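Just below is one structure, and these are the notes that go with it.
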Amino acid sequence: MSGNGNGHAYKVVLGYGTCGIAAGATAVKEALEQEVESGGYDVDLDIAGCMGLCFKEPVVEIFDRDGCSVVYGDITAKKVPQLLEEHVGKGQVIEDWVVKKSEDPNACDGDFLANQLRVVLRNCGKINPESIEEYIEIGGYEAARKALTSMTPEEVIDEVSTSGIRGRGGAGFPTGTKWGFARKSPGDEKYLICNADEGDPGAFMDRSVLEGDPHTVLEGMILAGFAIGARQGYIYCRAEYPLALKRLDIAIEECHQKGFLGENIFGSDWSFDVKVKKGAGAFVCGEETAMMASIEGQRGMPKPRPPFPANSGLWGKPTNINNVETFAAIPWIIAEGGEKYADIGTEKSKGTKVFCLAGKVRRTGLAEVPMGYTLRQVIFDVGGGIAGGREFKAVQMGGPSGGCLPAEKLDTQVDYDQITAAGAIIGSGGMIVADNRTCMVDLARYFLSFTQDESCGKCTPCRIGTKRMLEILERICEGKGEPEDIEKLQILAGDIKDASLCALGGTAPNPVLTTLRYFKDEYEDHILNHKCAAGSCPALITLYIDAETCTGCAACVKVCPTDAITGEKKEPHVIDAEACIRCKMCLSRCPSESIIAE
Amino acid sequence: MEQIKVEIDGLACEAPKGSTILDIARANGIDIPTLCYDPRLSPYGACRLCLVEVEGARALLPACCAKADDGMVIQTTNEKLERIRKTLVELLVSDHPMECQGCSKSGRCELQRLADKYGITESSFTGEVHEYDLHRENPFVMRDYNKCIMCGRCIRICREVQGVGVYDFVNRGFKAVPGTPYDRPMQETPCEFCGQCISTCPTGAIKARPYEDFGRVAALDMLRNACAYFKMPEEDMMKALGLESWVTRTTCAYCGCGCQLDIHVIDNKIVEITSPVMVGSGQGNLCVKGRFGYDFVSSSERLTRPLIKKKGKFEEAEWDEALSLVAKKLGDTKKKSGPDSIGVLSSARATNEDNYLIQKFARAVIGTNNVDHCARL
Amino acid sequence: MEHECTCSTKFADVDDLRPLEEIIERYGSEKGALIPLLQEAQDAYGYLDEKIMREIAKRAGYQFSQVFGVATFFAQFRLKPIGEYLIKVCHGTACHVAGATQITDEVANQLGIKEGETTPDNKFTLESVMCLGACALAPIMVVGDDTHGKLKPTSIKKVLKHYAGPSGSQASEGDDAE
């Protein structure tokens, strides 16, 4: 939170989300606690969820009395004493470690945040997610209080409709309309479900929101429950997110104590409660009907729609399902007004969208930008371009249901319709950036192997069709492709799209279709010339060492599992192509990037 | 009941509200191919063969699940739908041993029929095929999951109709199979061996086992294969061969339910019993007795002549002698101890007519109301 | 209680049904609680033994086939015991692009086991999992409760060494991301 409020000279906030912890934040936390104690610093130590600066984790933000702050990145336990001594002790900023300064947003990597507009992530990294007080202090639960005490459910739905927000889970269905269906559906017993089964590989915004600001999601659910007339809500969250689950439990408990969940919320006559359901590891459960089957204790196999959940959902009752990011935006919309939200974005896609920048981009992390930004702005202005100075090749959007867009599509606006027209989808917001070392056939194969693995097996096209597509792609990657394979892939892809029971199968061919659309030459290169230009498919490449740049450090020799690399120390080394199994271990080890795969 | 009007393939149809597109189409003589559909079971929508195009709908709809709305305009066949169906059948065939000649389901196999319809003898999509062991661990049901198409009908019939739940899908995706927990033999499950799963399986994945070793099923298979080959109804084939008593429709005599049986006979021996789906009170469902309890018919231990116990031993006798003896003994008893000293017990196994006669005999001839029957078997 | 991963602590013996009884008691009246029942039973016993699943079926009113069907549908459920440390190598997109395959290969190589197997000394079980959502640190793997990010095939040996000591000795938490 801005300003440190409680009388200390400084407030030190440690980013303590999953990525922070994975990067070593626990050790930093211990060091901070120890150092503050032993050094006698006048410091209020706190934690916060992920700020989205994943590429700089662990991250520490230090606020002074005026609320100005400095964000430090790549902090380790060893750096902690120096950090406290210089910044807190002497009041001197360690410029080398700075990611961003509040009065100087352009410092160093600050444009990662400066180019964003944060609505959904407005509190992430700013408040302690395990403290309802901090959330209330910045105006939390005011939107819910206002709605429940002075608005009708219809007015809430109208406000959401005015905002123009569309479902952030992937399909992009207008949220206000969806709520309207559930509201109008007859029945006394209705259910509300928050889809936190974020399964798209490469997407982690829901995790970050749940870890960084769980109360926003709960407040959004209270508002939605009130609007559609549901008294019981469920959060279906992946078990792979233990920290998110823990913080949700804490948040729900806090809400019960405050009376924000349970009977007669805010003194109104409305009652609403939320239960957490832990997923058990099935991507298909992100599909609404499969998720409901799983909550009912069955195998997560989708059912044909209609009937739609709004009419017959969980236990046959009207049910409304929205995604974490959607719920997180709702309190802002009710508090600030739907029109203000609608002012952001393009004509048909309103508001902001959180993207997860990952892959070969310089700054990985969460990027929340207004709809209508171009891909170029997201990847180059926010993400800082391609890592290692390589060339941009493609961006994969929307995970396994999405598609790859090439460089010539970089000026496409991020907008549901434009991205779809280009051949990808916004989906849940995963953005994996590929450089010229990424093989597009292999990427398509990877996504298909994912959906194939996650297919529930119920319907024929998805169960056998994606399997056959995957087998064709595997053959191509192994250099055993036939010229007619491309046509076969196209036929199968089309029929699987049309005939599958649920969206998992219906969108599974997308990565193949878009790579075929934009990178057909790579397929042909694999099939006809048995070459993988990206140097990625092991069966189609040879590894050799550039004698010009090789320093003879022998790092590659140590890692080679087949002893295929030989050479005198400090002399250029050589790879024996016969013995080489193309595992590429040496490639990642070489300090001078002298090993070339072609 | 409220009626709705829809148009299917240009044909105006009327049906009760709540009917599925498939119900209406079939009632109007329009055939939509299905594999996972069985009228006895809740619709499932998995095989995707019954996909139809509905004007104004965002996607193709499975006719077996989709309820028709008033005014719907439906196409059950066009170039796109037929191409999808062909691809689907090819995909199923790509993981199905096409050894129809050696399969006793040949001629009745729903996949075979569709493969024939779309002219598929082998799939253009090749790849990994399943290699499961054959399950022949009990005398009633034989399972060959290599022929399974994952329609889930066995699971649903066992759960929905029988309320037993021997099977469920095991694993997921391409590895999924409708099996028993830990692949255990069926006798280690709650299975009652009603054979309902056999009655619904569209392919040769679940088949009846009795008599398979006797060579008779093989003869039957041969005829069925010939029927399939010549695309000739089985009845016509039997007529051509002068074998009239091929299938006899009768009522099961085990209990009072009145399930309809189709008794398949070769050389005057019963080789299989099935039940016509959605016909009679049983709707095509049978229990273990109705389906498998027929070996007594041609049992060598069956009594064919009356026996009279003489000096403590049963000896074969003539009918006249036996009947006279019974009549004399009954008469004597009635004279000595009165009619109510006699009770008559009949069998539920006997027909209604026989049971009517026996009570008539008790009341009018002997003069007693002491009539009962064994009620169940 | 629910979210405390017990991967590296001692599990209850499958012949001791008391933990299961306590779990079933807690979910007694809740409809559709089969999945949480199985999850907690797995937390308590380390895996889902046939005996445990039969007991759940009997006591909570499910058909055994149904319980088995659910247990084999979800990737999280294990039907076989696991080692002291469960190693989960992430194969999400970002990790895939960053070389997750080599990570799995190297772990398998170091431990001398294949994916899905447990080392003979019952120390490690190796699994591949889908996106763990820490893409910025790709490639990552989770050993027991600890996440290790920005891995290289060459750093695997060091990571595993942390855990290879005598049973129960806790390694320091993941500060390998250098």
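Suppose we filter region A:551-588 for residues that are aliphatic (A, V, I, L, M), over 35 Å from the mean Cα position of the chain (by Cα) and in a loop (DSSP other than H, G, I, E, B); how many remain?
4
Just checking, how many residues over region B:77-109 are surrounded by fewer than 20 Cβ atoms within 10 Å (Cβ to Cβ) and within 22 Å of residue B:25 (Cβ to Cβ)?
7
Can you tell me which residue among A:582, A:589 is touching a residue at least 40 places away in the same chain (Cβ under 8 Å), open to solvent by 60 Å² or more (accessible area, probe 1.4 Å) and more than 30 Å from residue A:307 (Cα to Cα)?
Working: A:589 fails: touching a residue at least 40 places away in the same chain (Cβ under 8 Å).
When all the criteria are applied, what remains is A:582.
For region A:171-181, which residues satisfy the criterion of being open to solvent by less than 20 Å² (accessible area, probe 1.4 Å) and either in contact with a Ser or Thr (Cβ under 7 Å, 6 or more places away or on another chain) or not in a helix (DSSP H, G or I) (or both)? Let's see the steps before the verdict.
So the first thing to find is which residues in region A:171-181 are open to solvent by less than 20 Å² (accessible area, probe 1.4 Å), and the list is A:172, A:175-176, A:179-180.
Those that are open to solvent by less than 20 Å² (accessible area, probe 1.4 Å) and either in contact with a Ser or Thr (Cβ under 7 Å, 6 or more places away or on another chain) or not in a helix (DSSP H, G or I) (or both): A:172, A:175, A:176.
Starting from residues that are within 14 Å of chain B (Cβ to nearest Cβ) and either in contact (Cβ under 8 Å) with a residue 40 or more places away in the chain or among the basic types (Lys, Arg) (or both), keep the ones in region C:51-87 and report whichever is nearest to residue A:448 (Cα to Cα).
So the residue we want is C:75.
Name every residue in region A:471-484 that is of a type in the set (Lys, Arg) and either at positive phi or not in a helix (DSSP H, G or I) (or both), in order of residue number.
If we filter region A:471-484 for residues that are of a type in the set (Lys, Arg), which is where we start, we get A:475, A:480.
Selection gives A:480 alone.
Could you give every pair whose Cβ atoms fall below 6 Å, whose first residue belongs to region B:112-139 and is more than 11 Å from chain A (Cβ to nearest Cβ), and whose second residue is loosely packed, with under 15 Cβ neighbours inside 10 Å, counting only separations of at least 6 or pairs across chains?
B:137/B:185; B:138/B:187
Condition test on residue A:145, is it in the same structural domain as residue A:229 (by TED's automatic domain parsing) and either closer than 23 Å to residue A:419 by Cβ or surrounded by 19 or more Cβ atoms within 10 Å (Cβ to Cβ) (or both)?
So residue A:145 does not fit the description; no.
Under the condition of being in contact with an Asp or Glu (Cβ under 6 Å, 6 or more places away or on another chain) and open to solvent by less than 20 Å² (accessible area, probe 1.4 Å), which residue from region A:347-362 is nearest to the other protein chains (Cβ to nearest Cβ)? Talk me through it step by step, then tell me what you get.
Going residue by residue through region A:347-362, those that are in contact with an Asp or Glu (Cβ under 6 Å, 6 or more places away or on another chain) are A:348-349, A:352, A:354, A:360.
Pick out the ones that are also open to solvent by less than 20 Å² (accessible area, probe 1.4 Å) and you get A:349, A:352, A:354.
Details: A:349: 19, A:352: 20, A:354: 13 Å.
Looking at residues that are in contact with an Asp or Glu (Cβ under 6 Å, 6 or more places away or on another chain) and open to solvent by less than 20 Å² (accessible area, probe 1.4 Å), I get A:354.
Under 6 Å between Cβ atoms, at least 6 apart or on separate chains: pull out the pairs that start in region C:29-49 with a residue that is within 7 Å of chain A (Cβ to nearest Cβ) and end on any residue that is surrounded by fewer than 21 Cβ atoms within 10 Å (Cβ to Cβ) and of a type in the set (Asp, Glu).
C:32/A:296
State all residues of region B:168-186 that are under 25 Å from residue A:465 (Cα atoms), touching a residue at least 12 places away in the same chain (Cβ under 8 Å), outside any strand (DSSP E or B) and at the interface with chain C (Cβ under 7 Å from one of its Cβ atoms); if no residue qualifies, say none.
None; the set is empty.
What residue, among those in region A:285-336 that are small (Gly, Ala, Ser) and under 27 Å from residue A:355 (Cα atoms), is modelled with the lowest pLDDT?
Filtering region A:285-336 down to residues small (Gly, Ala, Ser) leaves A:286, A:290, A:293-294, A:297, A:300, A:310, A:312-313, A:316, A:328-329, A:335.
Add one more test, that the residue is under 27 Å from residue A:355 (Cα atoms), and what stays is A:286, A:290, A:328-329, A:335.
Details: A:286: 90, A:290: 96, A:328: 96, A:329: 96, A:335: 95.
Looking at the filtered set, the residue picked out is A:286.
Name the residue, out of A:286, A:267, A:262, that is within 14 Å of chain C (Cβ to nearest Cβ) and of a type in the set (Gly, Ala, Ser).
Details: A:267 fails: within 14 Å of chain C (Cβ to nearest Cβ); A:262 fails: within 14 Å of chain C (Cβ to nearest Cβ).
Answer to the check: A:286.
Give, as residue ranges, the helices (runs of 4 or more DSSP H) completely inside region C:39-158 that count at least 2 residues that are surrounded by fewer than 24 Cβ atoms within 10 Å (Cβ to Cβ). Full working, then the answer.
On the way: elements: C:50-60, C:64-73, C:93-97, C:100-111.
Helices (runs of 4 or more DSSP H) meeting the threshold: C:50-60, C:64-73, C:100-111.
Mind checking whether some residue in region C:1-18 is surrounded by 21 or more Cβ atoms within 10 Å (Cβ to Cβ), among the polar types (S, T, N, Q) and within 17 Å of the chain's Cα centre (by Cα)? I'd like the intermediate steps shown before the answer.
Step one: filter region C:1-18 for residues surrounded by 21 or more Cβ atoms within 10 Å (Cβ to Cβ), giving none.
No, that holds for no residue.
Within region B:296-306, identify whether any single residue is outside the structural domain of residue B:161 (by TED's automatic domain parsing), under 29 Å from residue B:198 (Cα atoms) and touching a residue at least 24 places away in the same chain (Cβ under 8 Å), and answer yes or no.
yes
Looking only at residues that are surrounded by fewer than 23 Cβ atoms within 10 Å (Cβ to Cβ) and within 11 Å of another protein chain (Cβ to nearest Cβ) in region A:304-321, which one is nearest to residue C:42 (Cα to Cα)?
Going through the qualifying residues, I end up with A:315.
Can you pull out the helices (runs of 4 or more DSSP H) entirely within region A:485-550 that have at least 1 residues that are modelled with pLDDT of 95 or more and either more than 30 Å from residue B:84 (Cβ to Cβ) or open to solvent by 20 Å² or more (accessible area, probe 1.4 Å) (or both)? Steps first, please.
Working: elements: A:485-499, A:503-507, A:510-518, A:520-528.
Fully inside region A:485-550 and qualifying: A:485-499, A:510-518, A:520-528.
Go through region A:182-217 and report how many residues are assigned to a loop (DSSP other than H, G, I, E, B) and within 14 Å of another protein chain (Cβ to nearest Cβ). Walk me through how you get there before you give the answer.
Filtering region A:182-217 down to residues assigned to a loop (DSSP other than H, G, I, E, B) leaves A:185-190, A:197-204, A:213.
Checking the rest, the ones that are also within 14 Å of another protein chain (Cβ to nearest Cβ) come to A:189, A:197-204.
Residues in region A:182-217 being assigned to a loop (DSSP other than H, G, I, E, B) and within 14 Å of another protein chain (Cβ to nearest Cβ): 9 in total.
Does residue A:230 count as open to solvent by less than 10 Å² (accessible area, probe 1.4 Å), part of a helix (DSSP H, G or I) and either in the same structural domain as residue A:320 (by TED's automatic domain parsing) or within 18 Å of residue A:182 (Cα to Cα) (or both)?
Taking the combined requirement at face value, the residue does not satisfy it.
Restricting the first residue to region C:88-117 and requiring it to be within 8 Å of chain A (Cβ to nearest Cβ), which pairs with a second residue that is surrounded by 24 or more Cβ atoms within 10 Å (Cβ to Cβ) and of a type in the set (Val, Ile, Thr) meet a Cβ separation below 6 Å and a spacing of at least six or different chains?
C:93/A:432; C:106/C:156
For residues that are in contact (Cβ under 8 Å) with a residue 24 or more places away in the chain and open to solvent by less than 30 Å² (accessible area, probe 1.4 Å), scanning just region A:471-484, find the one that is farthest from the other protein chains (Cβ to nearest Cβ).
A:479
Among the candidates A:329, A:280, A:251, single out the residue that is within 23 Å of the chain's Cα centre (by Cα), assigned to a loop (DSSP other than H, G, I, E, B) and surrounded by 20 or more Cβ atoms within 10 Å (Cβ to Cβ).
Of A:329, A:280, A:251, the one residue that is within 23 Å of the chain's Cα centre (by Cα), assigned to a loop (DSSP other than H, G, I, E, B) and surrounded by 20 or more Cβ atoms within 10 Å (Cβ to Cβ) is A:280.
Conditions tested, residue by residue: (1) touching a residue at least 24 places away in the same chain (Cβ under 8 Å); (2) within 12 Å of another protein chain (Cβ to nearest Cβ); (3) outside any loop (DSSP other than H, G, I, E, B); (4) crowded, with 21+ Cβ neighbours inside 10 Å.
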residue: A:381; (1), (2), (3), (4): yes, no, yes, no
residue: A:425; (1), (2), (3), (4): yes, no, no, yes
residue: A:443; (1), (2), (3), (4): yes, yes, yes, yes
residue: A:456; (1), (2), (3), (4): yes, yes, no, yes
residue: A:461; (1), (2), (3), (4): yes, yes, yes, yes
residue: A:469; (1), (2), (3), (4): yes, yes, yes, yes
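Would you tally the residues in region A:148-159 being touching a helix residue (DSSP H, G or I) at 6+ places or on another chain (Cβ under 7 Å) and under 21 Å from residue A:260 (Cα atoms)? Outline the logic, then answer.
From region A:148-159, those touching a helix residue (DSSP H, G or I) at 6+ places or on another chain (Cβ under 7 Å) are A:148-149, A:153, A:156-157, A:159; that's our starting set.
Retained after the next criterion (residues that are under 21 Å from residue A:260 (Cα atoms)): A:148-149, A:153, A:156-157.
Final tally of qualifying residues: 5.
Residue check: is residue A:538 in contact with a Leu (Cβ under 9 Å, 6 or more places away or on another chain) and either under 26 Å from residue A:465 (Cβ atoms) or not aliphatic (A, V, I, L, M) (or both)?
In short, no.
The values are calculated or read from the model by the stated rules, or taken from the named source; none is laboratory data. Computed from a prediction, not measured in an experiment: that's the story for all the values here. Reconstructed Cβ throughout: ideal geometry from the backbone, glycine too, with neighbour counts over all protein chains shown. What goes into the accessible areas is simple: the full protein's heavy atoms, side chains included, and nothing from ligands, DNA or RNA. Shrake-Rupley method; radii C 1.70, N 1.55, O 1.52, S 1.80 Å.
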